[in-house]
Amino acid sequence: MNSMFDGVVIDPGHGGVDSGARGKDILEKEYNLLISKYMYDRFRELGIPVYITRDSDITLNPSDRVNKVLSSFGNDPNVVVISNHLNAGKGDGAEVIYALRNSSRLANDILNNIGNAGQNTRRIYQRRLPSDPTKDYYFMLRDTGKTEPLIVEYGFIDNDDDLRFLKDNYKQLAEAVIKAVLEYKNIPYTDPGTTISDTYKVMKGDTLYGIANKLDTTVDELKKINNLTSNSLSIGQILNVPVKTIDTGETELYQVKRGDTLYSIANKYGITLKELKAINNLENDNLAIGQLLNVPSGLSLVSSYVVSPGDTLYSIAKKFDTTVDNLKKANNLTNNMLSVGQKLIIPLVEDTTYVVSAGDTLYSIARKFNTTVDELRRLNNLTNDVLSIGQILILK
Ligand SMILES: [Zn+2]
């Protein structure tokens, strides 16, 4: 590790009784936690010492928060603190606030990278305490000793365009910050899904090209993660080797509603309970209404199905308007046996789902698609007739 870098503290702003800013259907504390947990995992993947001030929806008062920051890697200028927030009020775009004791360089790099990720950018700035202008206005900057803290406001929660961008691109925004921190500290950055978790000892006759081929990577990737400026190698040299991790694919956000369980959400998106927990780093089955979860994006909704108790190939085929033979073929099944939790690929068919829009009722949808309210309730495990805009209903 670079000697001028002790580690990163990630601080998801607000939490618990303090929701932060409010948008139409989202609380700032939830978004902050989501982007922070992603960031935390990525720093770990990159081999950077990292600490997070909260990893669940708990209340932290300012002194708790500051104590956590100062006790993580010490009261040291080589500790970077990223406090994640969303703005509210009139405006759009991202802002970065940096401490009076620090230069503007990292704040600038972060804002530039956020801009490159496609988000509007407003400004970087410092703010002074009116009662004592030698001090920072924000406690996260004022009371965090000698560390290098930054408050990153990713956009305005009450601006529809910003909110849409934030929901679709929070991982890219997190990557923008991560990249800036690594550039600032001269540490090589690698794309998500690549971890440096293995090494290779150069043997006689090895070339970068040969090693790259053998290890299923590229010469560029090897040079990047090993800080190599030329292609020459020496026998016995130890190279870092990238290891690809499992790609969870494109995800979008799902907001937990009353009555949801992890199991029902996993089912809805055609993934297993285990997969849902893994992509959200959940250690238990607790859910809170309004909580944001990563779920596979749109397409996989109709392309896979997780077997529930009582399912048969026949019932599933019927549900998805396909045949037992098609299901068996798509899943390479040699017999009709299913096990609960098994994931099946559902051959795509048209018009099996419907996205609820304003004014829809179960009755109007049933009429439109020539089915019944009861059938819709059954297929979608609905316990009442309340629909929300954007909700996806299985029709057949
Ligand atoms: Zn905030």
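The values are calculated or read from the model by the stated rules, or taken from the named source; none is laboratory data. What you see is a predicted model; the values in this text were computed from it and never measured. No Cβ is skipped: glycine too gets one built from the backbone with ideal geometry, and neighbour counts run over all protein chains shown.
Key figures for this structure:
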{"item": "Flag if VAL96 is at negative phi, more than 16 Å from the ligand (Cβ to nearest atom) and outside the structural domain of GLY390 (by TED's automatic domain parsing)", "result": "no"}
{"item": "Candidates LEU33, LEU70, filtered to the one that is within 14 Å of the ligand (Cβ to nearest atom) and either within 28 Å of ASN116 (Cα to Cα) or modelled with pLDDT of 95 or more (or both)", "result": "LEU33"}
{"item": "Of the criteria (1) touching a Phe, Trp or Tyr at 6+ places or on another chain (Cβ under 9 Å); (2) more than 10 Å from GLU153 (Cβ to Cβ), which one LEU100 fails", "result": "(1)"}
{"item": "Number of positions in segment 73-102 that are within 17 Å of GLY115 (Cα to Cα), assigned to a loop (DSSP other than H, G, I, E, B) and touching a helix residue (DSSP H, G or I) at 6+ places or on another chain (Cβ under 6 Å)", "result": "1"}
{"item": "Members of segment 280-298 that are under 12 Å from the mean Cα position of the chain (by Cα) and surrounded by 16 or more Cβ atoms within 10 Å (Cβ to Cβ)", "result": "ASN280, LEU292, LEU293, ASN294, VAL295, PRO296"}
{"item": "Residue match in segment 58-66 (condition: within 14 Å of the ligand (Cβ to nearest atom), surrounded by 15 or more Cβ atoms within 10 Å (Cβ to Cβ) and within 28 Å of ILE279 (Cβ to Cβ))", "result": "yes"}
{"item": "Selection count where residues are more than 11 Å from the ligand (Cβ to nearest atom), assigned to a strand (DSSP E or B) and within 26 Å of MET4 (Cα to Cα), scope segment 139-161", "result": "3"}
{"item": "Residue within segment 22-30 that is touching a Phe, Trp or Tyr at 6+ places or on another chain (Cβ under 9 Å), within 16 Å of the ligand (Cβ to nearest atom), farther than 20 Å from GLU148 by Cα and in a loop (DSSP other than H, G, I, E, B) present", "result": "yes"}
{"item": "Every residue from segment 76-93 that is more than 13 Å from the ligand (Cβ to nearest atom), under 18 Å from LEU173 (Cα atoms) and small (Gly, Ala, Ser)", "result": "GLY93"}
{"item": "The listed residue being of a type outside the set (Gly, Ala, Ser), at negative phi, away from the ligand (no atom under 15 Å from the Cβ) and not in a helix (DSSP H, G or I), out of MET4, MET39", "result": "MET4"}
